[in-house]
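The values are calculated or read from the model by the stated rules, or taken from the named source; none is laboratory data. It should be emphasised that the depicted structure is a prediction, and the values quoted were computed from it without experimental measurement. All Cβ positions, glycine included, derive from the backbone under ideal geometry; neighbour counts span all protein chains shown. Remember, those area values only see protein heavy atoms, side chains included, never the ligands or the DNA or RNA. Shrake-Rupley method; radii C 1.70, N 1.55, O 1.52, S 1.80 Å.
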Protein chains: 2
Amino acid sequence: MPLQLQSSHITDSFWSHYRELVRTEMIPYQWDVLNDKADIVIEKERNDDTIPSEKSHAIENFKIAAGLKKGHHYGWVFQDSDVYKWLEAVAYSLSIHPDTQLQELADGVIDLIGLAQEQDGYLNTYFSIEEPERRFKKLAESHELYCAGHFIEAAVAYYEATHNEKALTIACRLADCIDAHFGKEEGKIRGYDGHEEIELALTKLYNLTGEQRYLELSLYFLYERGTDPTFFARQRAEDKGTKAVIEGMSHRQLKYYQAHLPILEQETAEGHAVRLVYLCAAMADAAYLANDQAMLEACRRLWNNMVSKRMYITGGIGSTVDGEAFTTDYDLPNDTMYCETCASIGLIFFAFNMLKNEAKAQYADVLERALYNTAIGGMALDGKHFFYVNPLEVRPDSSLHDPGKSHVKVTRPAWFGCACCPPNLARLLTSLHKYVYTVHPQQRAVYTNLYVTGTAKFELDNQSFQLQQNSELPWEGNVAFEVHADQPVAFTLALRIPYWSGEPALTVNGEAVPVTVQEGFVLLDRTWQTGDIIKLTLPMDIRQYSAHPLVRSDWGKLAIGRGPLIYCAEQEDNGAYLHLIRVQPHQQATYRFDSELLGGVGTIEWTAERQQIKAEWDHVLYSSVATESYVPHTLKLIPYYSWANRTPGEMQVWLHKA
Amino acid sequence: MPLQLQSSHITDSFWSHYRELVRTEMIPYQWDVLNDKADIVIEKERNDDTIPSEKSHAIENFKIAAGLKKGHHYGWVFQDSDVYKWLEAVAYSLSIHPDTQLQELADGVIDLIGLAQEQDGYLNTYFSIEEPERRFKKLAESHELYCAGHFIEAAVAYYEATHNEKALTIACRLADCIDAHFGKEEGKIRGYDGHEEIELALTKLYNLTGEQRYLELSLYFLYERGTDPTFFARQRAEDKGTKAVIEGMSHRQLKYYQAHLPILEQETAEGHAVRLVYLCAAMADAAYLANDQAMLEACRRLWNNMVSKRMYITGGIGSTVDGEAFTTDYDLPNDTMYCETCASIGLIFFAFNMLKNEAKAQYADVLERALYNTAIGGMALDGKHFFYVNPLEVRPDSSLHDPGKSHVKVTRPAWFGCACCPPNLARLLTSLHKYVYTVHPQQRAVYTNLYVTGTAKFELDNQSFQLQQNSELPWEGNVAFEVHADQPVAFTLALRIPYWSGEPALTVNGEAVPVTVQEGFVLLDRTWQTGDIIKLTLPMDIRQYSAHPLVRSDWGKLAIGRGPLIYCAEQEDNGAYLHLIRVQPHQQATYRFDSELLGGVGTIEWTAERQQIKAEWDHVLYSSVATESYVPHTLKLIPYYSWANRTPGEMQVWLHKA
């Protein structure tokens, strides 16, 4: 039997905190939201009258579709996916922390979903209740396959956690229904959903069931995309319905949906950022499963464009609110961007699937960047408040008075009418153990992607072994592994040397080992025995980052990082008008862990200076005679993920350089 | 007879060029637009399907309203105002340059307007043709009084130019109709138009006719504004019409219309920038005519807020495209702003009316700033292409790919569906002679606001005298005045010492006179005789301006000015990626007039440096090890108003400071 990862468990204190919040706060809270419990406050993510958000109504929609109640569908056309994402998070949570009561609740929801599924396997409460005749007729906006994909993902996770087959059966019937309607064969729809998701769900379903049709259907959707630029327009023209499925979406260009070109011809990351990374995650998984080199090459192209020209230092993507989309190379404004939490989560999916294809640390570097900064920054320390939009620079008065920044919230709202980010975070955090290692069986190698305390169990040639990882990240770069194996076992342990590390030190059983880095990994190829101890020290220097000179918004500025964390300045620590502070590059900075602050964070203090606003500026807006004067200022920085957990105020990642 | 300005003529070569373009290009071109001549290309100012802009149809609307043709109204609800602004520009043009054919054409248009006027004096083609029952019922959006104001302004100008009474009669009937419908009396409408304009038109009509009712009606509209915050909402609720008068306007807040507070309580410049400055222009004129000190004080407050916290260095106003509006203090982004040409023209109206109230050079300084930079920057050197939006920083790829900058055009389009700016410019340029002097009769003083070559005729105690001004502006600061008077005449000649001047030198008949500045003016109080020569030298140093430190967008940057002109860098002279260039403050710069360039402009060259993009940045977006390197770069600057007249490319006013 080739090398396999059997199981992975996280016991890391940093991450367990988040995973506990999901279990104890988010899952119950989200359940209340889905059921319209009275005291739930739902805030709109934008001031837009087209957004339905008075209540969720999501469970109610299923009851109506199941015939248990009378009434109308309420909410977004993709409202069902909120239930599915909750279910997926529940599945992962049960796999970490069994809970009979929660499992019974989830079983009941699955029964309800089963009742709402139609005879032929079709499943979508909006179309079943309101417009069955419009099924699959408006795919640019309908999100039917998007919702289906989320159910399939949930069903796969639920089966893996509980071995309950009911959800999986519903999922296979649904996939079969889709397979019956879509494809190149005569009479089938030659099209795809406006929001990618079914593609990555089908690869997961194939992985679990081994049913080749599901992989082929995923490949069909991927390769069909963008081949016929008239598909969405034709569907719109043929659609006899009068109700808009989603208001205000019909003007979107094909790029928005990544439907402007066949996927192998797409050179740049375009359009809605979440859609793009979901597409890429599916492409990378399909390329791996089907050993499709052309598709892998397309993935590399899109990856390179995105991470080397269109990604924020926090791992955020999406430079504009309009379409929540990419704009153009090096266009990375810090105060008007979107940087949706879900987009960074999708980027993590993409990176992880690339790691299956090729053992290059750059994918894990980006995965780690997005995870430790934008993803967990999307959530308040209390686990109950969430950002959609993750700015790198905020001024409360601009958010209030500049309509171009009204989407940039200064505090995390309690919930959103369009509830995609919080449950997406929940499922990422509860499945985080899956991201720690990638095995490459041909090389008999275990690649370590993330340094997170926990235990993983592997099997190789019918022998099992364990790796116990102890990590001090994100605060210190000390990592140790202990091998547990009944008999000696020969495999390669690959350890990532992150981009942020100083000169690393490595010992095996106390003996220094030279650190030779290949594609960002040190490979330790040995026959390992129980009790073998590997110690890796990754010095966490405080680093001053510059952006590529063509990133106009960051020109003349620098950002501070330590380990995987990017830091930021908040008004609470530094006073108002953060832009008046400038830092001397290469000046000494000091790091200190403050267990009292923000649940315990490392802080950085730096000798900076702050411009004084002199009296000569009274009533003067422009001056050719004014002089500048500065006073010393001790700049205090906190990890970006922990911002906006105190008094609302300014925040800034990129700092003016003196 | 107290001191009066009898007439003013401009012969200045800089301005005559523009005035000739209006006469020979804009007026005929605009006439073709108004009449839907076949070869006219109308571009939309924004990608917005709600904007009607296939054709103007403006004259056609009048023919239909007049009963000469059958058909429907087409275009904006305020389409009539295009005809009125054309007529006003024609009036001024005729006053400068008599033209029988043009006058006959205009007489014919006035006859047509007269036919379109209803029995009771009401005049508005949209409501007359389409929805007479909705007259005055939706004032937030209807622009009925706005259009009326533009007709009244045109009629006043036309009477002054031609002494033709027909237009004036229509105007008075229209004003009487409005007077009959609006006011505090029982049965009248206690409201006002959503777009200010009638207020300033009525003061002009009062000024010409002496009819006190018109001044009182203007004061009524001004003081009524913002007193009842429910007025617009009540009209909307009571309106039985189903058609939107203007799509997508109903969500605007009261601030947009300056209707959030009574005018005496408004402390800051808020809302739609053109509306605000039209309001202020009316307030300043009404304060002057009614000697209303409370209103003057309100004007000062709004002025001070605007010019010391919310105005671009180019005299542009309006920091956001959303609502074409002000945002908040010191919020002056250079690449997403609106800075509408019309808003700067309105600022000029406001400044000029403040000069009637009080002889303070700051008003003329701002007038000059807006005139020489944003106003004429709104027009191409060919007189046929126009900007609505006047950015201070442009990158073509951002305008193309960032929806938040799609309103920022890289080249001036030929015309716009909403044709407010070009005719507004036409009337400003053809009436520019009116702005050169302001007389203050009580002080027997002639205040010189602008240095523009030309002749002005004054009367004082039944004696007339002339001032012949010769100015080398905007290229050199040499100005001379020669007095012509039959008999010696005692008056004060006040000369403005602009903010941009070096140490000025002043002689009268060759004898040096000490320059003592009061509120920005030197006062020469003498008995003047024919042949007296006053020479003023205003050294035009190249000036490096900084913005107030709280202007975040300009922090660490400087802008260059010389005389009244603000300069900018264009890609054509400096290559792409202008943000890579940085300038050393206080470095020597050289000025040279280039008669071959852009119709003849002064250029500035400056030793700067340009960042090299080194190979270490290949495929790298963020780096903690990259170093910066610069090479010398001779930065070439041209006057801001002349940008975008060559190959489309980047432009930047604010430059990075080394």
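Quick rundown of the values:
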| read-out | value |
| --- | --- |
| Summed buried accessible surface, chains B and A, 1.4 Å probe, nearest 100 Å² | 4700 Å² |
| Amide H contacts under 5 Å for residue B:379, placed H, 5+ residues apart | B:387 |
| For the range A:159-203 and the range A:387-448, distance of Cα centres in Å | 27 Å |
| Taking all pairs of distinct alpha-carbon atoms in the range A:4-435, Kirkwood radius in angstrom | 21.6 Å |
| At most 14 other Cβ within 10 Å, DSSP loop - trypsin sites (Lys or Arg not before Pro), the range B:549-622 | B:614 |
| In order through the range A:551-568: 3J(HN,Hα) via Karplus (6.51 cos²θ - 1.76 cosθ + 1.60), integer Hz, x for Gly, Pro | 7, 4, 5, 10, 5, x, 10, 9, 10, 10, x, 8, x, x, 8, 8, 9, 8 |
| Centroid-to-centroid separation of the range A:322-376 and the range B:533-578 [C-alpha atoms, Å] | 40 Å |
| Label distances, nm, residue B:243 versus same residue in remaining copies, Cβ-directed 7 Å point | 3.0 |
| Whole-Å semi-axes of the ellipsoid equivalent to the range B:263-359 (Cα gyration tensor, √5λ, descending) | 23, 12, 11 |
| Accessible area expressed per residue, chain A, with surrounding protein chains retained (probe 1.4 Å, Å²) | 35 Å² |
| For A:540-547, mean number of other protein chain Cβ atoms within 10 Å | 4 |
| At least 20 Å² of accessible area lost relative to the chain alone, listed for the range A:589-626 with a 1.4 Å probe | A:611, A:613, A:617, A:619, A:621, A:622, A:623, A:624 |
| 10 Å Cβ neighbours from other chains, averaged over peptide B:405-413 | 1 |
| Violating pairs (Cα-Cα greater than 19 angstrom) within the set A:85/A:166; B:85/B:188; B:138/B:243; A:138/A:188; A:405/B:138 | B:85/B:188; A:405/B:138 |
| Measure of compaction for the protein assembly as shown (Cα Rg per 2.2 N^0.38 Å) | 1.04 |
| Proximal charge balance of residue A:623 [Cβ under 12 Å; K/R count +1, D/E count -1] | -2 |
| In Hz, Karplus ³J(HN,Hα) per residue of the range A:520-530 (6.51, -1.76, 1.60; θ = phi - 60°; x = Gly, Pro) | x, 10, 9, 9, 10, 9, 8, 9, 9, 10, 3 |
| J(HN,Hα) series, the range A:631-642, from Karplus relation 6.51 cos²θ - 1.76 cosθ + 1.60, nearest Hz, glycine and proline x | 10, x, 9, 7, 7, 10, 10, 10, x, 3, 4, 9 |
| Furthest towards positive pole of dipole, B:448, B:392, B:168, structure part chain B, Cβ charges | B:392 |
| Cα centroid of the range A:470-503 to Cα centroid of the range A:56-81, whole Å | 48 Å |
| Debye, to nearest 20: dipole size of the range B:393-453, +1 on Lys, Arg Cβ, -1 on Asp, Glu Cβ | 260 debye |
| Whole-percent carbon and sulfur share, accessible surface of the range B:139-204, 1.4 Å | 47 percent |
| Dipole magnitude of the range A:437-537, debye to nearest 20 (Cβ charges: Lys/Arg +1, Asp/Glu -1, about Cα centre) | 120 debye |
| Residues whose placed amide H lies under 5 Å from that of residue A:332, excluding near-sequence neighbours | A:552, A:553 |
| Average beta-carbon neighbours from other chains, 10 Å sphere, peptide A:550-556 | 6 |
| Taking N as its residue count, the alpha carbon Rg of the range A:298-442 over 2.2 N^0.38 Å | 1.07 |
| Value at 222 nm in deg cm²/dmol, rounded to 500, when DSSP H runs of n ≥ 4 in the protein assembly as shown each add -39,500 (n - 2.57) | -10000 deg cm²/dmol |
| Net charge, residue B:99 excluded, C-beta distance under 15 Å - Lys, Arg +1, Asp, Glu -1 | -2 |
| Extreme residue, positive dipole direction of the range B:4-435, given options B:408, B:149, B:15 (C-beta unit charges) | B:408 |
| Most to least packed among A:358-369, B:534-545 [average Cβ atoms within 10 Å] | A:358-369, B:534-545 |
| Other-chain or far-sequence residues with amide H under 5 Å of residue B:521's (modelled H) | B:361, B:497 |
| Relative packing of A:622-630, A:199-207, which averages over residues the other C-beta atoms within 10 Å, highest first | A:199-207, A:622-630 |
